[in-house]
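S.K.: Take this structure, written in structure tokens, and hold onto it; I'll ask about it next.
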Amino acid sequence: MIILGTSYNFTDLEKQRLAKKFKHFEHVSYENKNSKETIKKLLALLSLGDYEIILLNTMEKLPSELIKFLTNLQFEKKVNFYNLENFLEIYLQKCYIPDALGGQENIRFLSNIKAFNPWQYFQKRCVDYVACIFLLLIQALLLPLIRVKIKKQSPGNLFFKQSRLGINNQEFTCVKFRTMHENSYHDPYTKKGDTRVYPLGEFMRKTRIDEIPQAINILKNEMHLIGPRAEWSILVKDYEDEIPYYNERHLVRPGITGWAQVMYPYGSNINDARQKLMYDLYYIKHWSLMLEFKIIFKTIGVVLGKKGL
């Protein structure tokens, strides 16, 4: 694989995933926009390795000479080329988001990102109700033990309630098991070894047990089992100011788990929120019952591996 240009900076996690798909992974700068020099560099790489893909990692308009060269490669060397938007969706299962709001060329991907239609919504609610039976059963079994442990380790309320934003930017009260000491200092992000989290709370976060009470939010039709993370209303304003098209995730109800949650580690800054949005938009755009079940199985893997935070 050859990456032409530096418009999008791949994360370390993405590089690891791409390394499993492609034997060769090379970059070619496209800063000087010199077609002859660029073609020369590409030919040199193609003569040394078995490359199947060239990624046009640039938002610049390519000159006709370079386009002709790339087109011929499809026939001469069986090399395919992709633009950035298509490549991210096919190989990394995420939607590209530009760094800033732009013209029509930057919002083409939005045309297929829509709210769930009635049939999709019906299927999701079926999944929701089946999941709630299991979640409420697990909660009933664990509740006595959790109540005793919380009383011993961090006296106070059993549940934590917070205002979150849901579909169409509507606020609702999200319910979880409390995992932090009451009246802890304010910090919107949880860090590894956070002193606000008591021992049982840390275990519940890692195994996602603290999320179980959100079954009541599902039954109230405020959430789905699967969807974008329900973000704190205070944080959303900052995200909308910094991240283009962030509001698109509110076309659907949030979920206890989701594509972003199983594909990207816990976020602690604006850049992490942007990365997760790319996965959320992919989920909305490419929703299917198969993807729904795939997320469920991946979530089970996260829970068993205690990879939550």
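Just so it is clear, none of the values below were taken in a lab; they were calculated from the coordinates. This one's a predicted model, so the numbers in the text were calculated from it and none came from an experiment. Ideal geometry is used to build each Cβ from the backbone, glycine not excepted, and the neighbour counts take in all protein chains shown.
S.K.: For a quick check: sort TRP232, TRP119, TRP287, TRP259 by the number of other beta carbons within 10 angstrom, fewest at the front. Don't skip to the answer; put the middle values down first.
M.R.: On the way: TRP232 14, TRP119 8, TRP287 20, TRP259 28.
Lowest count first: TRP119, TRP232, TRP287, TRP259.
S.K.: Another question about this same structure. Using only the Cα atoms of region 2-92, construct the convex hull and provide its projected area averaged over every direction, in square nanometres to one decimal.
M.R.: 5.6
S.K.: Still on this model: What is the antiparallel percent of DSSP beta bridges lying wholly in the chain, to the nearest 5?
M.R.: Beta bridges within the chain, antiparallel portion: roughly 40 percent.
S.K.: Given the rule -39500 (n - 2.57) for each run of at least 4 DSSP H residues, summed and divided by the residues of the chain, what is its mean residue ellipticity at 222 nm, to the nearest 500 deg cm²/dmol?
M.R.: Result for the chain, helices only: -14500 deg cm²/dmol.
S.K.: Calculate the length of the line joining the C-alpha centroid of region 268-296 to that of region 2-54, in whole Å.
M.R.: Distance between centres, Cα-based: 26 Å.
S.K.: Could I ask something else about it? Whole-Hz ³J(HN,Hα) for each residue in region 166-182, computed from phi via Karplus 6.51 cos²θ - 1.76 cosθ + 1.60 with θ = phi - 60°, x for glycine and proline: what do you get?
M.R.: My calculation for region 166-182 gives x, 4, 6, 6, 7, 7, 8, 9, 8, 10, 9, 5, 5, 10, 10, 4, 5 Hz in order.
S.K.: For the chain, state the average projected area of the convex hull of the C-alpha atoms over all orientations, rounded to one decimal in nm².
M.R.: 18.0
S.K.: OK, next. Using a 7 Å offset from the Cα along the Cα-to-Cβ direction at both ILE138 and LEU46, what is the distance between the two label points in nm, to one decimal?
M.R.: For the pair ILE138/LEU46, the computed spacing is 5.2 nm.
S.K.: Can you give the FRET efficiency for TYR129 and ASN80, using 1/(1 + (r/R0)^6), R0 = 51 Å, r = Cβ-Cβ distance, to the nearest 0.05?
M.R.: That pair, TYR129 with ASN80, gives E of 0.75.
S.K.: I would also like to ask the following. Can you give me the long-range amide H partners of ARG229? Hydrogens built in the peptide plane at 1.01 Å from N, cutoff under 5 Å, separation of 5 or more residues or another chain.
M.R.: Under 5 Å from the amide H of ARG229 lie the amide H atoms of GLY255, each far enough along the sequence or on another chain.
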